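Just so it is clear, none of the values below were taken in a lab; they were calculated from the coordinates. As the structure is a prediction and not an experimental result, all values here were calculated from the model. Glycine also receives a Cβ, built like all others from the backbone with ideal geometry; neighbour counts cover every protein chain displayed.
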């Protein structure tokens, strides 16, 4: 995600380019072991305009495990200029995420900040965390590489630098605003190919006694809940606390606190500081979670290999259920045009004859198509006026919020299908 140059124009040759790594993104070890191959897949977040349907590209998607630092990662690296040239994920679309980050800002202010503190968040999206900080009177600056998304944040009054976060960006922020008491990075660490760049920026910009806090989707939850739909090109890495500890140690930093959170069906919030300060004692929860990972054999290749085999079994179960309903003449749509939806639809090869359309609340996606299988993305109004029999809830991580919002669909006899961890119809 963190390259220094961005071409002005992307042609088909540029779009087709990708590289296949042969060493770990964290520790550079060549001891990478493959445990899952999806075959060729489109970019999960590359929702297509109608005029570009014939210009789509697909790429191999291979998942491997580093036997040295215990990091799980995909082998194919798509250039950041391709991945994030037209990013369509808007964090503030759901109340769940908005409320989560309101509380997040309050927690950070109470624990670490005073009236003179500077907060920097990279991968700040539409300002979903910056806005709560602003409302609390905290000076906050965002760094967001996506032009269309950073514009949304600026419109809401947030201060945002439209660029990638690296040492160069960090130097610019320090020159204009001084060093940061708190640096945040939420749901962005998975997107980074070259981990050296943002870590160098963090070390340079963070005050010696400052705190680096970040949230990532947690490998434990991915494996235990069989969330293979979180594996796609934009998510280059899937972290355990063990591998994150290894990474931070390379930069003379340590994890002093960690919290498991329900966001995105299972994430962790990690708190880190410079080792030489030791201002904050390492909480027992850190050691407990590291021991838990070891006891559950999360970082064992045999466990990951089993997950790879189960991925195909669960895909086949969903295909069987959907084919059965279609044979009965049932109408089926999708709910939630997310990366999860792209993975399921393409992995299962569901055409627009199987899934008529996918509904999504984000104006950034409406009017576009799910890549690969070209299924149209429509607004909730269409769904609410329509009367399909079933809706595959690709946004199952927001189940409670969606069910509350779509009570009329259920009252009319409609039913949601939850694809994971076991495909089932919610009666």
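Assorted remarks:
- FRET efficiency, residue 50 to residue 351 (Cβ-Cβ, R0 25 Å, nearest 0.05): 0.90
- Global form of region 80-218, assessed from the alpha-carbon gyration tensor, a/c cut-off 1.5: rounded
- FRET efficiency, residue 162 to residue 275 (Cβ-Cβ, R0 41 Å, nearest 0.05): 0.80
- Global form of the chain, assessed from the alpha-carbon gyration tensor, a/c cut-off 1.5: prolate
- Pair residue 379, residue 58: separation of 7 Å Cα→Cβ label points (nm): 3.3 nm
- For the chain, the longest principal axis of the C-alpha atoms and the axis of helix 95-112 are separated by about 10°.
- Spatial offset of region 221-258 relative to region 47-69 amounts to 20 Å, using the alpha carbon center of each.
- Modelled label positions at residue 33 and residue 331, each set 7 Å beyond Cα in the direction of Cβ, lie 5.0 nm from each other.
- Ordering 254, 144, 76 by the number of other Cβ atoms within 10 Å of each residue's own Cβ, fewest first, gives 76, 254, 144.
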